[in-house]
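Each value in this text was obtained by applying a stated rule to the coordinates, not by laboratory testing. Bear in mind the structure is a predicted one, so any value in this text is a computation, not a measurement. Neighbour counts run over all protein chains shown; Cβ positions are idealised from the backbone, glycine included.
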Amino acid sequence: MIPIPEEAVTALRAVMDQTAYIPDLCTLLYPNWDVDRHEHEEQVKNEIHTKFLQKWWPHHQTLKTAAIKGELVQEAGYFWSQTSLERFRIVAQFMIWLFMWDDEFDCGDLQTDIEQADICRRDTMAFLKWCLEVPRSDFEAPPGGQHNSGCMQDILRAMQSSLSHVSMRRFADSLYQYVEAVGEVQKSRMASLPTWDDYLANRLHNIAMFPCILAIEYAYDLKVPAWVIDSEAMQSIFRETVISVVVANDIFSFKKEALVGQIDNALFLKVAHGGHRGFQRGLEETIQELVESRDRFIASESEILTSEEYLKLPEQTQEDIKTFILSCKFMIVGNVKWSKSTKRYLLEHAPDGVTIVNLNTKKQ
């Protein structure tokens, strides 16, 4: 177990003999937001499992096994459900890099080694900026160091060939912010138990959802005006997409994280800060956060699609905006479907779509 504050230890001990039951969140919260698996999922999964992982992480067998077991290509298929094979291949590779890079901090060698983790973040940032900031000759060698991000050179080159300068700039900045944010959560989880607002403020960026959202434009070859992306309503949609993914993923991953003492989890905070130690009660309060986030998403979507500015746009631009918003819904619902089914989270399943989170380790 990694070092955590004493107050967190007390809260964890209080729930470790309890069981909670997660209702079918797709039916309960998103009955009209369905998403299908990508038609090319199996092909791309085979390519990634047999070639891509071995090429870029040949000596990281534990992380490779976790990536394969976690069905990460399935999650990418939900996130970018209706894209072409060529573009799905790129965003699926991007998803794999995100998990492989993050897992070194989350459950790999860098989990408790702050010094080496800082070196990895520094070297990763240098490499990403080398790829993104200045056009490079194919004969110029990239910077070395401890970053395990070599695959991103081809991924980012593919995105640069399609996205506008403004869109690529926005994506790059979100990627840099993600890399920096991973360091903050690693340090804070060992220092103190955050408030709900502080947790969300940090978690919004360290889960890498903003880069995934901004990759929608590449994935679907969309042309969305910059003023639409930057509008308050669209930024609200982005924020609620991230909140919904963060909170739902935290619900399903709670057991996996609790067993190793990770406290950067929305459900755990509801239990620890709620003045009670009831696991099911904390779960119900966490689900209510999803309800409120969904409602804010719907209100922002309506604001965009009924605005005079939107109605004056060319038909194709309107369709591109609708596709962008629809893909955000795919991410929200797809994350729930993937989180329920992945083997990463040590879950059990009951009838009617109910998921069981059993923390009584004596009964495992």
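Normalised by the residues of segment 254-350, what does the relative contact order come to in percent, with Cα pairs under 8 Å and at least six apart?
Values: 35 pairs, mean separation 27.1, N = 97.
About 28 percent, as a whole number.
Let me make sure I get this right: for segment 48-109, a, b and c are the square roots of the gyration tensor eigenvalues over alpha carbons, sorted descending. Under 1.5 in a/c it's rounded, otherwise prolate if a/b > b/c, else oblate. Which is it?
Working: a/c = 2.31, a/b = 1.71, b/c = 1.35.
Prolate.
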Positive dipole terminus of the chain, leading residue within GLN54, ALA226, VAL245 (C-beta point charges): GLN54
Amide H contacts under 5 Å for THR19, placed H, 5+ residues apart: LEU359
Cα Rg, Dmax (largest Cα-Cα span) when computed across the chain, Å: 20.2, 63
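Decide, for segment 248-364, between rounded, prolate and oblate: order the square roots of the alpha carbon gyration tensor eigenvalues as a ≥ b ≥ c, take rounded if a/c falls under 1.5, and otherwise choose prolate if a/b is larger than b/c, else oblate.
Details: a/c = 3.30, a/b = 2.22, b/c = 1.49.
Because a/c hits 1.5 or more and a/b exceeds b/c, segment 248-364 counts as prolate.
Once you have a ≥ b ≥ c as the square roots of the Cα gyration tensor eigenvalues for segment 1-126, tell me rounded if a/c is under 1.5, and otherwise prolate or oblate according to whether a/b is larger than b/c. Don't skip to the answer; put the middle values down first.
On the way: a/c = 2.32, a/b = 1.15, b/c = 2.02.
Cα axes put segment 1-126 in the oblate bin.
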Stretch gain in nm, segment ASN32-VAL134, where the contour uses 0.36 nm per residue and the Cα spacing is subtracted: 32.3 nm
Environment charge at HIS165 (Cβ cut-off 13 Å; Lys +1, Arg +1, Asp -1, Glu -1): -1
The chain, dipole about Cα centre (Lys/Arg Cβ +1, Asp/Glu Cβ -1), debye to the nearest 20: 880 debye
Dipole magnitude of segment 197-336 about its Cα centre (Cβ charges: Lys, Arg +1; Asp, Glu -1), debye to nearest 20: 640 debye
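List the relative contact order of the chain as a percent without decimals, with contacts defined as Cα pairs under 8 Å and 6+ residues apart. Provide the component values of the computation, followed by the final result.
Values: 450 pairs, mean separation 108.6, N = 364.
Relative contact order here is 30 percent.
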Spin-label pair ALA233/ILE119, simplified geometry with 7 Å Cα→Cβ offset, distance in nm: 5.1 nm
